[in-house]
Each structure stands twice: as C-alpha cells, then as structure tokens.
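S.K.: Pasting in a structure now, in structure tokens, and then I'll have a few things to ask.
Every number in this text was worked out from the coordinates using simple rules, so none of it is lab data. None of the values given here were measured: they were computed from a predicted structure. Ideal geometry is used to build each Cβ from the backbone, glycine not excepted, and the neighbour counts take in all protein chains shown.
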Amino acid sequence: MRHSKEELAELRAAALRSERLVSRKIHRMTKGDAGIDISGTQYDPRVGKDKIMGMSGDRLKKVIERQEYFRRASVGYYKGAQGTIVERQAYRNYVNSVRKINTQTRKEQRKYEDVFIKPLGMTAKERRAMNKPAHPVFGTDAYDGMKELKIFKPQQIMGSEGAKMIALRNDDLRRQYQDKRMIQVARENMNKMLDVVGSDEARVRIAGLTDNQFWFLWTHTDFPEELSIKYLAMQLQMQVLDGSAKQSPSMIDAAMERGEQSLGRAMEYVEYAKTLDL
C-alpha cells in the first residue's frame, strides 16, 4: 500500500514514540525484581531510529503493532537457566500444565484411596502415605496417576522453548491418561518385562484383568516392584551366560530364588486385582 509523505511522517513519528515507550519498559524490567535485560535479544522489538526513517508505511505499521503488543502488562520475561530467557506467557502455560496434572492426580487418589489392598493389609491411601516423598517430585518419565509434580522456578527452565516443551509433554501425558492410552502403554511395558521373565501363565492371568483392575494393580500396589525383581534376576542370568557380566553361581542362584519369591508375590497381587469391582 502506498502512503503519502504526510502519512509516512505520522507513522515514523508514531514509531519513534513507540520505541521510546519500549525502551522505558525494558529499563524498568532491568531495574525490577526479575532484573532481566532483554536488550539486543530476539525479544527486543526495537529497530532503531535509522531503520525507522528508511521503512515503508507497511513495515512501520508492523513494527508499531509488535511494539504495542510488547508494551502490554501481560508481556514479561524471566531469567531462565544458563543465561536463557523465559517468556511470562510460556511460563504461565507450563505452570498451568503442571496444575492440571496435579488436579488429575489428586482426583485419582481420592477415587482409590479407600480401596483395601489385601496382600499389603492397608488401603491405597495408607500405602501412598508410606511411599510419598516429602515434597512433590520434580518430574516423571511416565506419569502414573499418583505423583504430584513440582513446579519449577523460571531459573530452573531452559528458556521459553524449554517451558513450552515441558508443557506440551505434560498436556500429552494428561491426555494419555484421560483416553486410557497410558493403560495400553503400561500393559506394553509389562509384557516386555514378561518376555524376559518368561512366564506365559502370568501373561495369561494378567491379560484377564479389566483395564481398571490392571491400572490399579500397576499404579497402586507393589506389583511392578515385585515383578521387576524377577525381571532383573533373569537379566542378570542372561548377562552371565552371554559373558557381559560376571557373578558367582551362588550369587546367581540367590538372585533367581529372590526372583521366584517376588514373582509369587506379584501373582498374589494379580489374584487380588481380579476380585476388585472398580
């Protein structure tokens, strides 16, 4: 779009005024509690007087529009980890993603807290109290519906991209839980363990559980821990046989014996889970 000389003069004057306002905000941010200086970074919307005087009307409008957005009270920045910068909105989105997961976590905990775990002789709530860390965990590779996540400070996050990646991961995990994809993933992980354990009987018995029964078994009992002891014993035996690890025969025998005992306890949990009406 062509602009008259008068229109260009007005746009340039507006752009210069806008630059001064932006500079004031950047100065306030530098002196504020966050103490962050974004001058010269990708977040600095200033272009300088020389460029403004040579810009077309359309480019001037875009500069002014970007700077108007920057001057909004909702736009701000924090110091991130290792000299990075975290946009305020990216951090808010990350915090909201953690809060949503924690809300879902507490909802599941309330749903199952009074279920009595017969092999343990206690309720799910009592077991959780025994295993719960003093503070929310920093993060989990596989959200299991039991852990509340800790909210990182901006200084612990690798820039806006880091905040966005964590928020996307959290939202994906929450959706996996809501549409029961997480149950499918848990079954797949268990079946991989059973491939090593080598118990077809256990596989058949576990396959007979409903999704709700299996999810409670996997996330609210000691079944995974018991199964993993047998899994690790079998792994150790295979490593010794292929020469990648060295252990005395007595150590292998002891590990295998512990594994068999643990597998037996794991199957007690499976039989218990079959009785649950969830």
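S.K.: Please list, in order along segment 253-263, the HN-Hα scalar couplings obtained from phi with the Karplus expression 6.51 cos²θ - 1.76 cosθ + 1.60 (θ = phi - 60°), rounded to whole Hz, x for Gly and Pro.
M.R.: 4, 5, 5, 5, 5, 4, x, 5, 5, 5, 4
S.K.: Dipole of the chain, Cα-centred, from +1 at each Lys and Arg C-beta and -1 at each Asp and Glu C-beta, to the nearest 20 debye? Write down the numbers at each step before the final one.
M.R.: Working: 50 positive and 38 negative charges, 437 e Å.
Once rounded to the nearest 20, the dipole reads 2100 debye.
S.K.: Whole number please: convex hull volume per residue of the Cα set in segment 190-264, in Å³? Each step should come with its number before you reach the end.
M.R.: Values: hull volume 6.3 nm³, N = 75.
Spelled out: Cα convex hull of segment 190-264, divided by residues, is 85 Å³.
S.K.: Sort Tyr272, Tyr91 so that the residue with the fewest other Cβ atoms within 10 Å of its own Cβ comes first and the one with the most comes last. Working shown, then result.
M.R.: Details: Tyr272 19, Tyr91 23.
With the sparsest Cβ surroundings first, the list reads Tyr272, Tyr91.
S.K.: Distance between Cα centroids, segment 1-50 to segment 158-221: provide it in whole Å.
M.R.: Distance between centres, Cα-based: 50 Å.
S.K.: At q = 0.13, 0.14, 0.33 Å⁻¹, what is the log10 ratio I(q)/I(0) for segment 1-47, with the Debye formula run over Cα points and no solvent?
M.R.: -0.41, -0.46, -1.13
S.K.: Continuing with this model, one more query. Give me D for segment 142-254 in µm² s⁻¹, whole number, from Stokes-Einstein with Rh from the Kirkwood sum over alpha-carbon pairs, 4 °C and 1.567 mPa s.
M.R.: 76
S.K.: Throw me the Rg/Rh for the chain, computed over C-alpha atoms with Kirkwood Rh, two decimals. Intermediate results must be reported in sequence, preceding the final value.
M.R.: Values: Rg = 28.8 Å, Rh = 23.6 Å.
Taking Rg over the Kirkwood Rh, I get 1.22.
S.K.: Based on Cα coordinates alone, diagonalise the gyration tensor for segment 69-137, multiply each eigenvalue by 5, take square roots, and list the semi-axes in whole Å, largest first. Show your work: numbers first, answer last.
M.R.: Details: eigenvalues 327, 40, 8 Å².
Three semi-axes, in Å: 40, 14, 6.
S.K.: Which one, Ser18, Gly32, Ala163, is farthest towards the positive end of the dipole of the chain when Lys and Arg carry +1 and Asp and Glu -1 on their Cβ?
M.R.: Selected residue: Ser18.
S.K.: On to the next question. Taking springs between alpha-carbon atoms closer than 10 angstrom, which of Ala207, Ala255, Ala13 fluctuates most in the Gaussian network model of the chain?
M.R.: Ala13
S.K.: Angle between the Cα long axis of helix 159-178 and the longest principal axis of the chain, 0 to 90 degrees, nearest 10?
M.R.: 40
S.K.: If neighbour count is taken as other Cβ atoms inside 10 Å, put Arg110, Arg66 in order from fewest to most. Don't jump to the answer; show the numbers that get you there.
M.R.: Details: Arg110 10, Arg66 15.
In order of increasing Cβ crowding within 10 Å: Arg110, Arg66.
S.K.: Okay, moving on. Can you check what the net charge comes to around Asn93, using other residues whose Cβ is under 15 Å from the Cβ of Asn93 (Lys, Arg +1; Asp, Glu -1)? Mind dumping the intermediate values first?
M.R.: Details: positive: Arg88, Arg92, Arg99, Lys100, Lys164, Arg169, Arg174; negative: Glu87, Glu161, Asp171, Asp172.
Combined, the nearby Lys, Arg, Asp and Glu give +3.
S.K.: Over 30 Å between Cα atoms, which of Lys125/Lys274; Lys25/Lys61; Lys118/Lys153; Lys150/Lys230; Lys107/Lys230 qualify? Walk me through the numbers before you get to the answer.
M.R.: Numbers: Lys125/Lys274 20 Å; Lys25/Lys61 20 Å; Lys118/Lys153 41 Å; Lys150/Lys230 32 Å; Lys107/Lys230 32 Å.
The pairs that break the limit, which is 30 Å between Cα atoms, are Lys118/Lys153; Lys150/Lys230; Lys107/Lys230.
S.K.: Let me ask something additional. Can you show me the helix-derived [θ] at 222 nm for the chain, built from DSSP H runs with n ≥ 4 at -39,500 (n - 2.57) apiece and divided by the number of residues, rounded to the nearest 500.
M.R.: Details: 11 runs with 180 residues, N = 278.
Helices in the chain give a 222 nm mean residue ellipticity of -21500 deg cm²/dmol.
S.K.: Quick check: pseudo-label points 7 Å beyond the Cα along Cα→Cβ at Leu8 and Asp172, how many nm apart are they?
M.R.: For Leu8 paired with Asp172, the spin-label model returns 5.0 nm.
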